[in-house]
1. Which pairs in the list LYS46/LYS224; LYS32/LYS224; LYS23/LYS224; LYS6/LYS224 are over 19 Å apart, alpha-carbon to alpha-carbon?
2. Excluding residues on the same chain fewer than 8 positions from LYS148, give the aspartates and glutamates whose Cα lies under 15 Å from its Cα.
3. Quick query: amide H of GLY122 versus all other amide H atoms, modeled in the peptide plane; which residues come in under 5 Å with a sequence gap of 5 or more or a different chain?
4. If LYS46, LYS4, LYS148 are ordered by their accessible area, calculated over protein heavy atoms with a 1.4 Å probe, which sequence runs from highest to lowest?
5. When all protein chains stay in place, what accessible area (Å², nearest 10, 1.4 Å probe) is found for GLU50?
6. Whole-Hz Karplus ³J(HN,Hα) for segment 159-167, in order, using 6.51 cos²θ - 1.76 cosθ + 1.60 and θ = phi - 60°, x for Gly and Pro?
7. May I ask you to give the average projected area over all directions of the convex hull of the Cα atoms of segment 12-73, in nm² rounded to one decimal?
8. I'd like to know which of ALA47, LEU168, ALA35 lies farthest towards the positive end of the charge dipole of the chain, counting +1 on Cβ of Lys and Arg and -1 on Cβ of Asp and Glu.
Amino acid sequence: MAKKSKQVDNRIQSSGHVIHAAKTHAEQVAEKLAARAISVQGANTKATKEVFQVVLVFLTETLGASARSLDEAELRVLAERADDVGVREGRDAAAADLLRAAVRFKSMVSDALGPGGLHTYGLAGETPRTPRDLVSHARSVSVLMTQKPFLVTVEGVTFDSAAMAATLDDKANTLDQALATMQREEQELADQLGHRDSQVLAWIEDHQGITDTLVGLFRLAGRKDLSARVRPTSRALAGEEITPPVETTDGTK
């Protein structure tokens, strides 16, 4: 079962801790910033407590939206990978089926025509194992059997090249279609990975910008202790660690 990228999950959790810290302390930070605005600009300042609260809400909601977008992009990657499982199993089953037929017909041609027949129909040597090589091999053998047909009975057993060629064509077509489907799924996964990686870069910019702003506001409000806890480390931005939760005044997180 596919799992979320640890780096993506860490980033989302880091955003959650920062959002929780900003919401928990928004009231006191807004109040202290408003008081500072009054001391600097006077009682008629437009930088009121309500204004700072609006700013803090904007910051937390923007960071939350960025984290959700990242999570949704990662979930689309997981869904695409889940789809690939059935397609890959179908490809492997078709490859195994064609390989069995190719090996069986090689033995039958040897029984019917002797070792020389293997060279005549391109069956001498090792039967290819990789799916694409196997498709090419089966179709080459089929063409040769169609061009030089045989119908031979040996010790009561009849060997019909036309039936062998038709079987090889049918199974080769099945595998070829499975390979085409697998290639399409790989391209779709690559597309979703690209979208996810773009969202990671967007999240880094959002998280860095918002946390830098919160650091500044917390410090202006006289809460340097809180600012140090929401400032992201390079490892947190890379998703290698989680920004630790900020404890409230009552000891909860």
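1. On the way: LYS46/LYS224 25 Å; LYS32/LYS224 13 Å; LYS23/LYS224 17 Å; LYS6/LYS224 30 Å.
Going by Cα-Cα distance, LYS46/LYS224; LYS6/LYS224 fall outside the 19 Å limit.
2. The qualifying aspartates and glutamates are ASP160.
3. Those qualifying (amide H under 5 Å, at least 5 residues apart or on another chain) number zero.
4. Numbers: LYS46 180, LYS4 80, LYS148 105 Å².
Of LYS46, LYS4, LYS148, the descending order of accessible area is LYS46, LYS148, LYS4.
5. So the heavy atoms of GLU50 present about 110 Å² to solvent.
6. 10, 10, 5, 5, 5, 5, 4, 5, 5
7. On the way: hull surface 16.9 nm².
Average of the hull's projected areas for segment 12-73 equals 4.2 nm².
8. ALA35
The values are calculated or read from the model by the stated rules, or taken from the named source; none is laboratory data. Please read all numbers here as calculations on a predicted model, not as lab measurements. Using ideal geometry, Cβ is built from the backbone for each residue, glycine included, and neighbour counts are taken over all protein chains shown. These area figures cover heavy atoms from the full protein model, side chains too; ligands, DNA and RNA do not enter into them. Shrake-Rupley method; radii C 1.70, N 1.55, O 1.52, S 1.80 Å.
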